[in-house]
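Worksheet: the structure to be examined is printed underneath.
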Amino acid sequence: MESVNKKVIFITLILTIVTSLLIYAYISKAATKTEAAVEYADVLVAANTLPSKHIISEIDVKLVKMEKNRVNNKALANRADIVGKRVKESILVDEQIVPERLMDEKKSILSFTMPEGMRALSINISEQSFASYLIRPGDHVDIIASFELESIEEATTITIFPRITKTIIQNLQVLALSQNTVVNEEKISEIPKTVTLAVTPQDAEKLVYASQYATLTLVLRHADDNEIVKTDGVNRKDVASSKGMYTVPKQ
């Protein structure tokens, strides 16, 4: 009887081992199939957290392997589409880079595209002051101001400022016409209501003052002309003879 029990135990042990081996083999085979079914792709991600307004450099981007089902279908695949671009919204480290997080140069905010150290100032214009339809964003202009006669009375004196026309600021970059930084073909014949110029803080003060107290005219410069010319301005005597002019006593 004892011999029979030993045989049963032995057979049970053998069956247990075989069953365990079969289960292990099945699980291993299933895991291998699952692993083989996973596909990977090379993806460009942020190498570190990129703050808003940051200009992306080569070291800010890295290539990693990622499961295909985790890849954003909008993720940029070419470094050329990323490097050199400015960040619109903060991008976290290891985050895939999508176009929505970058600034579109054609639609970018003016404050990011204007020359460094300059200010954007808009002034009202007319067809006569604007050189007709000739000026475009990117051009450079001079500002001529024509002041009327002005007298300032103080306690013991009267100061007379004669009528004068003078170039007050030179070589200003045109940033926008009305709200357009690029003029489309269908808008070429439209005279804008305002022009936005890149000015220094000092020139901004001059231009604001002149826009309040003088008539302004924009003069288009040649694309390669950066020379600043000193002028004294002109009045009636400089542009017309005094022939026929006479003075009478004040009543």
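The values are calculated or read from the model by the stated rules, or taken from the named source; none is laboratory data. Computed from a predicted model, the values in this text were never measured in an experiment. Cβ sites come from the backbone with ideal geometry, for glycine too, and all protein chains shown count toward neighbours.
Before moving on, here are some points about what is shown:
- The condition (being touching a strand residue (DSSP E or B) at 6+ places or on another chain (Cβ under 9 Å), of a type in the set (A, V, I, L, M, F, W, C), at pLDDT below 90 and surrounded by 12 or more Cβ atoms within 10 Å (Cβ to Cβ)) is satisfied by just one residue among 110, 134: 110.
- From the options 53, 74, 65, 85, residue that is more than 11 Å from residue 43 (Cβ to Cβ), over 15 Å from the mean Cα position of the chain (by Cα) and among the basic types (Lys, Arg): 74
- Some residue of the stretch 165-177 being modelled with pLDDT under 90 and either surrounded by fewer than 14 Cβ atoms within 10 Å (Cβ to Cβ) or within 25 Å of the chain's Cα centre (by Cα) (or both): yes
- Of all residues making up the stretch 228-251, the number that are touching a residue at least 40 places away in the same chain (Cβ under 8 Å) and part of a loop (DSSP other than H, G, I, E, B): 6
- Any chance residue 231 is within 26 Å of residue 116 (Cα to Cα) and more than 27 Å from the chain's Cα centre (by Cα): no
- Residue that is of a type in the set (Val, Ile, Thr), touching a residue at least 12 places away in the same chain (Cβ under 8 Å) and crowded, with 17+ Cβ neighbours inside 10 Å, where the choices are 182, 195, 219, 208: 195
- Where residue 236 falls short, out of the listed (1) loosely packed, with under 13 Cβ neighbours inside 10 Å; (2) modelled with pLDDT under 85: (1)
- Hits in the stretch 183-205 - residues which are farther than 16 Å from residue 134 by Cβ, at pLDDT below 95 and in a loop (DSSP other than H, G, I, E, B): 184, 193
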